[in-house]
Amino acid sequence: MKYEGQIRASPVDWASLALVIVGALVWGLVGLGMFVEANWNVVNVLLGSVPTVEALVYLLVGLAGLYELYFAYQLYGARSAEMSAKEKTA
């Protein structure tokens, strides 16, 4: 993330956000599937025959979630610095 008066997201920021969104949708489908007693775990359905790759996908989504926590902290810090600078000039 770059901050030059504006917050600029890097490709890594966008990729991790996409992984977190996809992961949230998968978990939503898993939850819905449990209500209708169906396997709607898209990752398992697509990659269930290759458990190592399936585990790698889950690991990447988990790491992306951790990165998003860091990114949110950076956004908060940038926003706080911007607000602090505005208070000093006012």
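Quick one: is GLU68 acidic (Asp, Glu) and free of Cβ contacts under 8 Å to residues at least 40 places away in the same chain? So GLU68 does not fit the description; no. For first residues located in the range 30-51 and under 18 Å from LEU19 (Cα atoms), partners that are in a loop (DSSP other than H, G, I, E, B) and lie 6+ apart or on another chain with Cβ distances below 8 Å form the pairs VAL30/TRP40; VAL30/ASN41; VAL45/ASN39. Which members of the range 46-60 meet the condition of being part of a helix (DSSP H, G or I) and either in contact with a Ser or Thr (Cβ under 9 Å, 6 or more places away or on another chain) or surrounded by 11 or more Cβ atoms within 10 Å (Cβ to Cβ) (or both)? Of everything in the range 46-60, those that are part of a helix (DSSP H, G or I) and either in contact with a Ser or Thr (Cβ under 9 Å, 6 or more places away or on another chain) or surrounded by 11 or more Cβ atoms within 10 Å (Cβ to Cβ) (or both) turn out to be LEU46, LEU47, VAL53, GLU54, ALA55, LEU56, VAL57, TYR58, LEU60. Do you know which of the residues in the range 4-26 that are farther than 14 Å from LEU59 by Cα and not aliphatic (A, V, I, L, M) is surrounded by the most Cβ atoms within 10 Å (Cβ to Cβ)? Top of the filtered list is ASP13.
Only the coordinates and a few stated rules stand behind these numbers; no lab work does. These numbers come from a predicted model, not from an experiment. Quick reminder, even Gly has a Cβ in these numbers, built from the backbone with ideal geometry, and neighbours come from all protein chains shown.
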